[in-house]
Amino acid sequence: MNTALPQTLPHAADYIRVLPEIILSIFGMLVMVLEPVFDERRSQKSLGAIALVGSLAAIAASIYQSQYAGFAFWNMVRVDSFSVFFHVLVTIIGAVVILSSYEYMAVQRIRAGEYYGLILFGLVGMCLMSSAVELVLIFISLEISSISTYILAGFRRREASSAESSLKYFLLGSFATAFFLYGVALMFGATGSTNIDKISQALQSNEVPTLAYLAIALMFVGLGFKVASAPFHIWTPDVYEGAPAPIVGLMSTAPKAAAFAVLLRILFEANAPGRFWLIWVSAALSMTLGNVGALVQNNIKRLLAYSSIAHAGYLLVAFAAAPQVGISAAMFYAASYAAMNVGAFAVVSHLANYGEKYVTLDDYAGLARRSPLLAATLTIFLLSLIGIPITGGFFAKFYVFSAALRSNLVGLTIIGVINSAIGAYYYLRIIVMMYMREARTEVPVMKVPAGIAAALVITVAATIYLGVLPGRVLDYALHSADGLMHVPAQVTPLNTAAR
Amino acid sequence: MNIETLSPFILSLVTFVPGGGALLLLLFPRRHRDIRLFALVVSLLTFILSLHLAVHFHNAQPGFQFEIDHPWINSPNIHYHMGVDGVSLWLVILTTFLTPLCVLISWHSIQDRVKEFFILLLIMETALIGVFIALDLFLFYFFWESTLIPMALLIGVFGHEHRVYAAVKFFLYTMLASVFMLAAILWLYAKTGSFDFVVIENAIRGGQVPGFAGASLWLFLGFFVAFAVKVPLFPVHTWLPDAHVEAPTAGSVLLAGVLLKMGTYGLLRFNLGLFPEQARQNAPWIVVLALIGIIYGALVAMVQPNMKKLIAYSSISHLGFVVLGIFSFTSAGLNGAMFIMLAHGVATGGLFMLAGILHERRHTYEIREFGGLATPMPMYATFFLIIVLASVGLPLLNGFIGEFLVLSGAFQARAIYGILAATGVIWSACYLLWMYQRVFFGKVTHEVNNHVPDLSGFEQAALWPAAAVALIMGVAPLVWLRAIDPAVQTALVPFTQTVGKVVGQ
């Protein structure tokens, strides 16, 4: 069945359809190769600049790519407005994280070469996840993205907690990907294909084999781990606590967005059977456990870790809704969550100082007095996380819950809105700390360096933009959701011949 | 410029001038001395602009006026839709009237973080006005939630000793309640495809909403919970005394004067407008809660040793009258409810300003710390008396008209309601006059009170308008009722028990 493959070489357009990945890989290698050439003191900034250029080029390539919608490399990759959306999202997150790491590296005395290189390689995997329509390729890109983040989590290598974080993430993560792979294998057994469109056809035409249910459940376990949804969330607080703060900003948004993209493709494009209760239970659990867990945290990184579990839950609510409204709501949520969370972690990483000493809630006391602008910025992100109007978080929740109600998911919506009210409490605790408590003088507040300032400007602008004029992004999401549901006929005749 | 040309966008202007002023304030250097002046100018400008509404408002014309309707977001179908009718018109003007007074009363009392204070105050004004004029449910919710943050910050940053506790309690209480309203709004959108108040209202009246019969009770309750907490109705009133006692004076004035009216306005506009059938069925227990609020609030106010807490509990009692009037479904009751909202805003706003003035001088609200203040502070005592009498409901002052109308409406609905509520009038005379007696009459019991200075110019400037309006409203209530009555009649159309008009025209 694979005899047909070598007969034709890929078209030039095929390369354009993976152009962002190619660019990111080249720049990643460039960073690695140049690292020994620069002397160590200068290397931090120059390597950061190279990585930044790489990610900007990847953003441009992703936008350029949108003119070349279609399949590439024997139907393994599909570029459509859905994949472009996630490409742009992931690469922007990458660029902002690189910006916010810019001075962090110097403060924490971390060597830059591997760090930036791994970020770029991780982005390759995440980008590929959103455009891959072949389960094996999805698995490979999942691994590319995961392995980079496993290592990045352990980058504060002088700290025991960081090593613990990395190891925990690695062990549990590999376990979860194994589940995913097992699911892929079972799906192949059930439908005779690993191509999502083929699977979709097989599941529609025949009676659904029992094996397919099991396969979907196993794949859901693997991806549920990646997006930190309950009951696969236990690793999150420990890993986030130990990992470097800018990397947590990355980890909690980009791989999650990519995993959600995969989940959307598998569940909706492949029209997975038996997904409803799976998602329902996981969404309800994630929201509840995440919010309740966050109530008692005193470490801000752990608090945001639990909050990210809760947000994965809100996002999953959209997955339980009808596809026409659910997909776009999920995409919008992923984008606005990325804006506010990356921003929040940029603030956290700036305040953390050397060795990440200052990451407890008490360290934020009186911040409004000592650094009003920084406090106001963090407040905007927190309000957005609560879901207060004129921030992206509000519309994100709004779209998700209205999608759920349109699909008559009243129970899940009520669990969701009650949870978002509970959530208000712990975000509010941080705001109260910053504005209403006396400042602790022993916590130094450094001047905000240019890199973090730029990262904050971008994320604040995105948060407010999504909160005031969500129309364009949502329209785009709706449009790509349409594309996802109506799959065009595959272009190359090779696979049909192979059958 | 021809003043008429303002009309098409006057509502946007009134709403966003304060917010725009707040943005400009951001540009001021931190300790600039003109921050206060700028805030005053902005709030006065807003007030003048809002008078344009009153002048060009056509009383006889039913429905909404000065409407603005632009698509804002295509999907979901959200419009920037604003408009005023007789109900919202005066609430907007109440807001714009009280804000300059808040600026004046805070002139000297706020010395720390002045810039932040006035920014929050102006943002608050924009959000409050927006709540009253939004005709798109989404836009309404948007402004509704937007009032939370500036108010919580005003309490939590600028308040007194236990401010953080009070601010967090206020925030969580109202946030938790309003998510139920959000759920109800989303349900309505899911079924009608629109957030537009008028469209939804017509769809419900025309019976075009699928599944409405089964869901209407839950929708009613979803809105009701959010509004009941804001009013606040017994038994969800417990956030109010804390919030008031800890809030800075201007915060208390806006909280009692306007914020609480968001709840009663919502009950009138949404619970009666969208769910008349459910409103009627649920009226008995809501009225009972209102009556409990009237009497319980008054009795608790009676025993308060703290002046500000006393005024706070008196608000619970007065707002009970408003809810009673609304759920009597009579035109007298509704007119009275509307009038009490305005009168209470002016009178209780005035009381909080007066309490704040005393606190600034003596740093306490404890009634037993005072006594015989009429001797050192004659001017202050006079203003206090006028406002107290207005609040008690003395004829010729504004409190009387509203209470009278509500009571007569309550009698029409059911005699026992009227009888029980009427005791509230007596109670309010008891606790307010007793408080006045303990604070002002007799000999000066504490030596330090002999040297308390009387009102300053700024304080007088803040109190004169309040006292004057309290008198004018009491003498010429028709100025207000002429605009209110047609709107109230429209609101009453679904209720058959309408009994004659109150306003003889």
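The values are calculated or read from the model by the stated rules, or taken from the named source; none is laboratory data. The model shown is predicted, which means the values in this text are computed figures rather than measured ones. Here the Cβ positions follow ideal geometry from the backbone for every residue, glycine too, while neighbour counts run over all protein chains shown.
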**Item:** Filter pass, B:PRO76 being within 14 Å of another protein chain (Cβ to nearest Cβ) and assigned to a strand (DSSP E or B)
**Value:** no
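Could you please give the count of residues in the range B:149-158 that are at the interface with chain A (Cβ under 7 Å from one of its Cβ atoms), under 20 Å from the mean Cα position of the chain (by Cα) and of a type in the set (Gly, Ala, Ser)? Step through it out loud before you land on a result.
To start, the set of residues in the range B:149-158 that are at the interface with chain A (Cβ under 7 Å from one of its Cβ atoms) comprises B:149, B:153, B:156-157.
Next cut, under 20 Å from the mean Cα position of the chain (by Cα) only: B:149, B:153.
Those still in the list that are of a type in the set (Gly, Ala, Ser) too: none.
The qualifying residues number 0.
Can you name the residue in the range A:276-288 that is surrounded by fewer than 20 Cβ atoms within 10 Å (Cβ to Cβ) and in contact (Cβ under 8 Å) with a residue 12 or more places away in the chain and is also farthest from A:SER420 (Cα to Cα) among such residues? Talk me through it step by step, then tell me what you get.
Start the filter on the range A:276-288 by keeping residues that are surrounded by fewer than 20 Cβ atoms within 10 Å (Cβ to Cβ), which leaves A:276-277, A:280-281, A:285, A:288.
Next cut, in contact (Cβ under 8 Å) with a residue 12 or more places away in the chain only: A:276, A:280, A:285, A:288.
On the way: A:PHE276: 22, A:TRP280: 17, A:LEU285: 13, A:THR288: 9 Å.
Across the range A:276-288, the extreme among qualifying residues is A:PHE276.
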**Residues within the range A:405-423 that are closer than 13 Å to A:PHE319 by Cα and among the aliphatic types (A, V, I, L, M), tallied** = 3
**Prompt:** Pairs, please: C-beta under 6 Å, at least 6 apart or cross-chain, first residue more than 10 Å from chain A (Cβ to nearest Cβ) and in the range B:171-195, second surrounded by fewer than 22 Cβ atoms within 10 Å (Cβ to Cβ) and assigned to a loop (DSSP other than H, G, I, E, B)?
**Reply:** B:THR192/B:VAL209; B:SER194/B:ASN77
**Answer from A:GLY416, A:GLY483 - the residue that is surrounded by fewer than 22 Cβ atoms within 10 Å (Cβ to Cβ) and either at pLDDT 85 or above or not hydrophobic (A, V, I, L, M, F, W, C) (or both)** = A:GLY483
**Asked** Which members of the range A:462-485 meet the condition of being under 19 Å from the mean Cα position of the chain (by Cα) and either away from every other protein chain (no Cβ under 14 Å) or acidic (Asp, Glu) (or both)?
**Response** A:ALA462, A:THR463
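Filter the range B:196-219 down to the residues that are facing chain A (nearest Cβ under 10 Å) and either in a helix (DSSP H, G or I) or under 20 Å from B:HIS81 (Cβ atoms) (or both) and list them by number. Walk me through it before giving the result.
In the first step, residues of the range B:196-219 are kept if they are facing chain A (nearest Cβ under 10 Å); the result is B:211, B:215, B:218.
Answer for the range B:196-219, where residues must be facing chain A (nearest Cβ under 10 Å) and either in a helix (DSSP H, G or I) or under 20 Å from B:HIS81 (Cβ atoms) (or both): B:ALA215, B:TRP218.
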**Request:** Mind listing just one residue for me: the one in the range A:376-410 that is within 9 Å of chain B (Cβ to nearest Cβ) and outside any helix (DSSP H, G or I) and, of those, nearest to A:MET287 (Cα to Cα)?
**Result:** A:GLY387
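For every residue, the table says whether it meets (1) polar (S, T, N, Q); (2) surrounded by fewer than 24 Cβ atoms within 10 Å (Cβ to Cβ); (3) under 15 Å from the mean Cα position of the chain (by Cα).
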residue: A:SER101; (1), (2), (3): yes, no, no
residue: A:ALA106; (1), (2), (3): no, yes, no
residue: A:GLU114; (1), (2), (3): no, yes, no
residue: A:LEU120; (1), (2), (3): no, no, yes
**Request:** Output the residues belonging to the range B:301-316 that are in contact with a Lys or Arg (Cβ under 9 Å, 6 or more places away or on another chain) and either farther than 28 Å from B:VAL253 by Cβ or surrounded by fewer than 24 Cβ atoms within 10 Å (Cβ to Cβ) (or both).
**Result:** B:PRO305
**Asked** If you go through the range A:428-452 one residue at a time, how many are within 13 Å of chain B (Cβ to nearest Cβ) and in a helix (DSSP H, G or I)?
**Response** 9
**Asked** Only one of these conditions is not met by A:PRO323: (1) within 14 Å of chain B (Cβ to nearest Cβ); (2) at pLDDT below 90. Which number is it?
**Response** (1)
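Is it fair to say A:PHE332 is in a helix (DSSP H, G or I), within 14 Å of another protein chain (Cβ to nearest Cβ) and at pLDDT 90 or above?
yes
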**Complete:** Conditions (1) in a helix (DSSP H, G or I); (2) of a type outside the set (Gly, Ala, Ser); (3) surrounded by fewer than 22 Cβ atoms within 10 Å (Cβ to Cβ); (4) more than 10 Å from chain A (Cβ to nearest Cβ) -> B:GLU161 fails only (1)
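Specify the residue that is farthest from A:PHE220 (Cα to Cα); the eligible residues are those in the range A:262-306 that are β-branched (Val, Ile, Thr) and part of a helix (DSSP H, G or I).
So the first thing to find is which residues in the range A:262-306 are β-branched (Val, Ile, Thr), and the list is A:262, A:266, A:279, A:281, A:288, A:292, A:296, A:300.
Filter again for part of a helix (DSSP H, G or I), leaving A:262, A:266, A:279, A:281, A:288, A:292, A:300.
Working: A:VAL262: 10, A:ILE266: 9, A:ILE279: 9, A:VAL281: 12, A:THR288: 19, A:VAL292: 24, A:ILE300: 29 Å.
The residue in question is A:ILE300.
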**Prompt:** Looking only at the range A:358-374, which residues are within 11 Å of chain B (Cβ to nearest Cβ) and at pLDDT 85 or above?
**Reply:** A:LEU373
**Prompt:** Got at least one residue in the range B:113-131 being closer than 15 Å to B:GLY21 by Cβ, away from chain A (no Cβ under 14 Å) and of a type in the set (Asp, Glu)?
**Reply:** yes
**Request:** Examine the range B:416-430 for a residue that is among the small types (Gly, Ala, Ser) and without any contact (Cβ under 8 Å) to a residue 12 or more places away in the chain, and state whether such a residue exists.
**Result:** yes
**Request:** Answer yes or no as to whether A:MET433 is modelled with pLDDT under 90, crowded, with 21+ Cβ neighbours inside 10 Å and hydrophobic (A, V, I, L, M, F, W, C).
**Result:** yes
**Complete:** Of (1) within 14 Å of another protein chain (Cβ to nearest Cβ); (2) not in a loop (DSSP other than H, G, I, E, B), B:HIS81 satisfies every one except (1)
**Item:** Given (1) more than 7 Å from chain A (Cβ to nearest Cβ); (2) surrounded by 18 or more Cβ atoms within 10 Å (Cβ to Cβ); (3) over 20 Å from the mean Cα position of the chain (by Cα); (4) within 14 Å of A:LEU428 (Cα to Cα), index of the condition B:VAL168 fails
**Value:** (1)
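For the range B:62-81, name all the residues that are hydrophobic (A, V, I, L, M, F, W, C) and within 23 Å of A:LEU466 (Cβ to Cβ). If you could, list the steps in order and put the result at the bottom.
Step one: of the range B:62-81, the residues hydrophobic (A, V, I, L, M, F, W, C) are B:64, B:66, B:68, B:72-73, B:78.
Those that are hydrophobic (A, V, I, L, M, F, W, C) and within 23 Å of A:LEU466 (Cβ to Cβ): B:TRP72, B:ILE73, B:ILE78.
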**Item:** Filter result for A:SER252 (of a type outside the set (Phe, Trp, Tyr), closer than 30 Å to A:GLU103 by Cα and in contact with a helix residue (DSSP H, G or I) (Cβ under 8 Å, 6 or more places away or on another chain))
**Value:** yes
**Prompt:** Residues of the range A:51-64 being in contact with a Leu (Cβ under 8 Å, 6 or more places away or on another chain) and surrounded by fewer than 23 Cβ atoms within 10 Å (Cβ to Cβ), which ones?
**Reply:** A:LEU52, A:ALA61, A:TYR64
**Complete:** Conditions (1) under 27 Å from B:GLY63 (Cα atoms); (2) surrounded by fewer than 24 Cβ atoms within 10 Å (Cβ to Cβ); (3) modelled with pLDDT of 85 or more; (4) not charged (D, E, K, R) -> B:GLY193 fails only (3)
**Message:** Which pairs turn up if I take residues in the range A:10-30 that are at pLDDT below 85 and look for partners that are part of a helix (DSSP H, G or I) with beta carbon separation below 8 Å, at least 6 apart in sequence or on another chain?
**Reply:** A:ALA13/A:TYR68
**Message:** With the structure loaded, tell me whether A:GLY326 is in contact (Cβ under 8 Å) with a residue 24 or more places away in the chain and within 30 Å of A:GLY483 (Cβ to Cβ) or whether it fails that test.
**Reply:** yes
**Message:** Anything in the range A:453-470 that is out of contact with any helix residue (DSSP H, G or I) (no Cβ under 7 Å at 6 or more places or on another chain) and either in a loop (DSSP other than H, G, I, E, B) or in contact (Cβ under 8 Å) with a residue 60 or more places away in the chain (or both)? List them, or say none.
**Reply:** A:ILE464, A:TYR465, A:VAL468, A:LEU469
